[in-house]
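Engineer: Okay, here's the structure, questions in a sec.
The values are calculated or read from the model by the stated rules, or taken from the named source; none is laboratory data. These numbers come from a predicted model, not from an experiment. We place every Cβ from the backbone using ideal geometry, glycine too, and count neighbours over all the protein chains shown.
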Amino acid sequence: MSKSWRPATQLVHGGTTRSQHGETAEAIFLTQGFVYDTSAAAEARFKGETDGFIYARYGSPTNDMFEKRMCMLEGAEDARATASGMAAVSAAILCQLKAGDHIVAARALFGSCRWVVETLAPKYGIECTLIDGRDLANWEKAIRKSTKVFFLESPTNPTLEVIDIAGVARLANQIGAKVVVDNVFATPLFQKPLELGAHVVVYSATKHIDGQGRCLGGVVLSDKAWIDENLHDYFRHTGPAMSPFNAWTLLKGIETLPLRVKQQTENASRIADFLADRNEVARVIYPGRKDHPQADIIAKQMTGGSTLVCFELKGGKDAAFALQDALEVVKISNNLGDAKSLITHPATTTHKNLTDEARAELGISAGTVRLSAGIEDSEDLIEDFARALSRIKA
Ligand SMILES: Cc1ncc(COP(=O)(O)O)c(C=O)c1O
């Protein structure tokens with residue numbers, strides 16, 4: 001396998017191992033266990049003296065292909081595939097912490113991620129400070145002697161705020177803390193957190209990596225030493241492993257990731273520009289537009305815009321519901337990264353559990369809508385929005 005392959009090649013060939021049949025498509029090894037020729041061979045495998053699998057909760061061949069392919073793409077030394085994105089996030093954070101430790105996290109997080117650091121971690125004596133992560137001074141101010149982890153998502157869900165990953169990593173390195181980045185919204189194609197200095201990257205593979213709305217999955221990527229010291233035992237003994245069937249589905253999904261993300265980004269960019277000119281729309285937030293409030297950081301750390309667009313309708317919740325209900329090509333769904341364009345109203349769905357105050361802090365108003373652009377023809381999407389916007393009462 002060549003490390004110098006470009007992403008499109010890595011994503012088709014990376015990590016593939018073939019059985020004795022020489023199959024073209026990756027094989028699904030749906031097995032719980034593995035047999036050994038002799039007792040001595042079993043003993044040697046358990047001692048780590050020979051390579052090979054022991055039990056599917058620890059690792060298995062199809063998952064191994066998926067992990068290796070993700071490592072190539074991300075530039076990581078090692079990875080573990082998990083049953084969902086949330087299994088990846090919670091494992092990446094909790095595996096390295098103990099009672100008395102402290103997390104600093106950007107407050108603009110996907111709801112379940114926020115619950116893990118804000119509600120779950122404190123139950124085990126791990127404290128968390130949530131900050132406005134856009135300002136590096138806030139990260140610095142929140143540091144305590146016990147700070148061990150910095151956690152962030154960039155761009156954020158749903159308001160597409162951006163955090164200076166290299167800046168956060170510099171602060172973390174000064175105190176020996178680890179930076180964990182949830183890179184779902186950027187995709188592995190447009191942002192490389194490890195190159196920017198982050199220590200651990202997590203994905204919900206459910207999103208762009210599958211990209212066709214089929215199965216859940218997640219992955220944690222880092223250097224080998226971090227995985228060996230922190231994740232290895234946690235992963236084996238708490239059991240968040242991905243199903244081999246899902247690993248196979250994701251291996252097939254990831255082959256077309258660059259094609260899909262390119263089309264989704266072009267569609268998102270066109271729709272963002274179209275919406276920005278409409279009277280019904282108060283503001284559009286899109287990382288590919290020059291008017292994004294953090295365009296300078298985006299230019300430094302991202303190589304593409306985004307497949308998501310966030311916008312605010314002047315008419316509040318009524319206008320948001322009217323728009324969503326009038327769309328025909330674009331479907332109402334809280335999922336994202338799919339081949340199908342999906343739209344959601346965060347205040348009543350993904351972010352409904354936050355207090356009004358917390359929503360306001362994140363810039364989520366009653367009129368905020370999040371679009372995940374699919375791979376349809378952009379003309380059909382623009383026509384769909386034009387027709388639906390005309391239904392909104394002024
Ligand atoms: C940014 C982000 N992180 C994590 C997750 C969780 O992923 P999953 O649904 O695969 O558990 C999501 C899901 O929407 C997400 O948007």
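Engineer: For the range 116-136, which residues satisfy the criterion of being out of contact with any helix residue (DSSP H, G or I) (no Cβ under 9 Å at 6 or more places or on another chain) and over 20 Å from Gly363 (Cβ atoms)?
Structural biologist: Residues satisfying the conditions are Thr119, Pro122, Lys123, Gly125.
Engineer: Select from the range 328-350 the residues that are buried (at least 21 other Cβ atoms within 10 Å of the Cβ) and in a loop (DSSP other than H, G, I, E, B) and list them in ascending order.
Structural biologist: Val330, Leu336, Gly337, Asp338, Ser341, His345
Engineer: Provide a single number: the residues in the range 98-119 that are surrounded by fewer than 21 Cβ atoms within 10 Å (Cβ to Cβ), more than 14 Å from the ligand (Cβ to nearest atom) and of a type outside the set (Lys, Arg).
Structural biologist: Here the count works out to 6.
Engineer: Tell me which residues, restricted to the range 217-238, are surrounded by fewer than 20 Cβ atoms within 10 Å (Cβ to Cβ) and not in a helix (DSSP H, G or I).
Structural biologist: Asp223
Engineer: Okay, moving on. Based on this model, can you work out whether Ile93 counts as surrounded by fewer than 19 Cβ atoms within 10 Å (Cβ to Cβ), over 25 Å from Arg6 (Cα atoms), among the aliphatic types (A, V, I, L, M) and touching a residue at least 12 places away in the same chain (Cβ under 8 Å)? Give the steps one after another, and end with the answer.
Structural biologist: Numbers: surrounded by fewer than 19 Cβ atoms within 10 Å (Cβ to Cβ): no; over 25 Å from Arg6 (Cα atoms): yes; among the aliphatic types (A, V, I, L, M): yes; touching a residue at least 12 places away in the same chain (Cβ under 8 Å): yes.
No, not satisfied.
Engineer: How about the range 159-197: which of its residues are part of a loop (DSSP other than H, G, I, E, B) and farther than 20 Å from Arg69 by Cβ?
Structural biologist: Step one: of the range 159-197, the residues part of a loop (DSSP other than H, G, I, E, B) are 159-164, 176-177, 183-186, 191-197.
Thr159, Leu160, Glu161, Val162, Ile163, Asp164, Gly176, Ala177, Phe185, Leu196, Gly197 - these are the residues of the range 159-197 that are part of a loop (DSSP other than H, G, I, E, B) and farther than 20 Å from Arg69 by Cβ.
Engineer: Still on this structure: Take the residues in the range 1-53 that are of a type in the set (A, V, I, L, M) and in contact with an Asp or Glu (Cβ under 7 Å, 6 or more places away or on another chain), then tell me which one is surrounded by the fewest Cβ atoms within 10 Å (Cβ to Cβ). Give the derivation first.
Structural biologist: Of the range 1-53, the ones of a type in the set (A, V, I, L, M) are 1, 8, 11-12, 25, 27-28, 30, 35, 40-42, 44.
With the extra rule that they be in contact with an Asp or Glu (Cβ under 7 Å, 6 or more places away or on another chain), the set shrinks to 11-12.
Details: Leu11: 25, Val12: 16.
Per the stated criteria, the residue is Val12.
Engineer: Would you check which residues across the range 109-122 are in contact with a strand residue (DSSP E or B) (Cβ under 7 Å, 6 or more places away or on another chain) and either of a type in the set (Gly, Ala, Ser) or in the same structural domain as Gly176 (by TED's automatic domain parsing) (or both) and list them?
Structural biologist: Within the range 109-122, Ala121 is the sole residue that qualifies.
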